[in-house]
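What follows is a short report on a single structure.
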Amino acid sequence: MRSKSAKTVAIVVVLLALLIGGTAALVTVVWGKIHQPYQGYEKGEQYVDIPQGAGPGEIRRRLIEAGVVADDLTFRAALWWSGRSRSLKAGEYRFDRAMTPLAVVEKIANGDVYTKRITFPEGLTIREMATVYESHGFGSARDFVTAASDASLVHDLDPQAKDLEGYLFPETYSLPRVAPAGRLVQQMVDRFRTTYQEAVQGRSDSLTTRQIVTLASLVEKETAQAQERPMVSAVYRNRIKKGMGMQADPTVVYALVKAGRYDGNIRRGDLDFDSPYNTYKYPGLPPGPIASPGRASLEAALSPSNVAYLYFVSRNDGTHVFAETLAEHNANVQKWQIEYFKRGQGGSGKGLGPSQASGRRR
C-alpha cells in the first residue's frame, strides 16, 4: 500500500512539475511575444480606423489585417497583461514603425489618434480660408466655400447673415486625415461662439452682434499692432456717433475682390466703386464682416479706447499716427504719405496698397 501511494505521489509531483514547467515555458513565450516589436506591413505607414463602439474582437481583427500585430493570441495576451481592455478608444491611428503589442495597446488606450494641424491666420475671408483648407489636402476649396455658406449655423447670433463671413474663428485646428469641410466649419463656428461669449460677457453694447463682428473685422484688417486695435476701434465708433463715413480702405478691397476687380492695388477711381461694402461711397459700417477677426480685435471692438480720434494714417512701417481734427490729419498725410513717397521711400505713390492708402481717410 505504501509503495502504491508513493508511486501515486511521485506521479502527481511529476505531473505538477511538467505543468509548472509547461506554464512557465508558455509564459516565457507569451512574454517574449508581447514585448517583441512587430511590423507586418510593407509600406512606410499604416492607418487603422477604429469606429465608435468597436469591441476588443473587432479592434484585434483590424490590427491583424493591417499587419500591426501578429496574431489574435498575442494581442489578447497584451490586453490582459496591460489591464486596459476597457480603455480602448475610437479614432484613426497611424503606425509607421515596428511596435510591441503592449505599445500598440497603450497607443489605442491613450487615444493617441492621428491628426493633421491646419492654421487659419486672423483677417482671412472665406475664400482665402478655403484656399488654406485645400492646400493642406483635406478637400476642395469649393467644398469649404459651400460649407461656409450655411448661415443657419449663426442665425441665432445674426439673423441677417447670408454666409459665415466673420464667424469662422481663426485658429489652429487638429483634424483627422479625412476632414469634411462641414465638420471643420462647425468647429470654427463653435470656437467663434465660445470666444465671442467670453469677450462679450458682462458687457452691454448699442451695436448688434453683426455690427460688432463687422467692426472687429475692420480693426483686424487695419492694424496688426495690439496697442492700436482699441484706438482704431475708437476711431470707427466715434465716426458712427457723428454720422461720418468709415472711409476704410479694406472695405474697398473687399468690394473689389467680390466683384473680381482687385489686382493688389487701390486707385483713386476705386473709391467711387459702387458697392454697399465701399465705405467711401456709403455711410456707416459695411453690410457685414469683411474678414474673420481674432480674439484681440473682437475685444477691441467691444472695448474701444477712450479717445476722441477721428482719423489715422499709416507710417508705412505697420504702425499709424492718429488725429482728432481734419487739420491734424492733413498734416499727418502730408508728412507720412505725400512727402514720404516724394522722397521715393515708398515707390511712386500710385496704386497704393491698403496700409499706405489709409492716408486718404478724410
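Within region 120-135, the residues that satisfy the criterion of being surrounded by 14 or more Cβ atoms within 10 Å (Cβ to Cβ) and closer than 25 Å to GLY91 by Cβ are PHE120, VAL132, TYR133, GLU134. Would you check if ILE34 is farther than 22 Å from LEU175 by Cα and not small (Gly, Ala, Ser)? For ILE34, the condition - farther than 22 Å from LEU175 by Cα and not small (Gly, Ala, Ser) - is met. Against the criterion of being within 17 Å of GLN187 (Cβ to Cβ), of a type outside the set (A, V, I, L, M, F, W, C) and within 15 Å of the chain's Cα centre (by Cα), GLU171 qualifies. The test for being under 26 Å from the mean Cα position of the chain (by Cα) and outside the structural domain of HIS155 (by TED's automatic domain parsing) holds for PRO250.
Rundown of residues vs (1) under 22 Å from ALA161 (Cα atoms); (2) surrounded by fewer than 23 Cβ atoms within 10 Å (Cβ to Cβ); (3) in the same structural domain as ASN332 (by TED's automatic domain parsing), yes/no style:
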{"residue": "THR214", "(1), (2), (3)": "yes, no, no"}
{"residue": "ARG229", "(1), (2), (3)": "no, no, yes"}
{"residue": "ALA234", "(1), (2), (3)": "no, yes, yes"}
{"residue": "ASN238", "(1), (2), (3)": "no, yes, yes"}
{"residue": "LYS242", "(1), (2), (3)": "no, yes, yes"}
{"residue": "LYS258", "(1), (2), (3)": "yes, yes, yes"}
{"residue": "LEU271", "(1), (2), (3)": "no, yes, yes"}
{"residue": "PRO276", "(1), (2), (3)": "yes, yes, yes"}
{"residue": "LEU298", "(1), (2), (3)": "yes, no, yes"}
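Scanning region 281-303 for residues that are of a type in the set (Ser, Thr, Tyr), over 17 Å from ASP205 (Cβ atoms) and in contact (Cβ under 8 Å) with a residue 60 or more places away in the chain yields one hit, SER292. The residue of region 64-74 that is modelled with the lowest pLDDT, among those that are within 12 Å of MET99 (Cα to Cα) and of a type outside the set (Val, Ile, Thr), is ALA70. Residue selection: ARG117 fails the criterion of being of a type in the set (Lys, Arg), surrounded by 15 or more Cβ atoms within 10 Å (Cβ to Cβ) and touching a strand residue (DSSP E or B) at 6+ places or on another chain (Cβ under 9 Å).
The values are calculated or read from the model by the stated rules, or taken from the named source; none is laboratory data. All values derive from a computational prediction rather than experimental measurement. Glycine also receives a Cβ, built like all others from the backbone with ideal geometry; neighbour counts cover every protein chain displayed.
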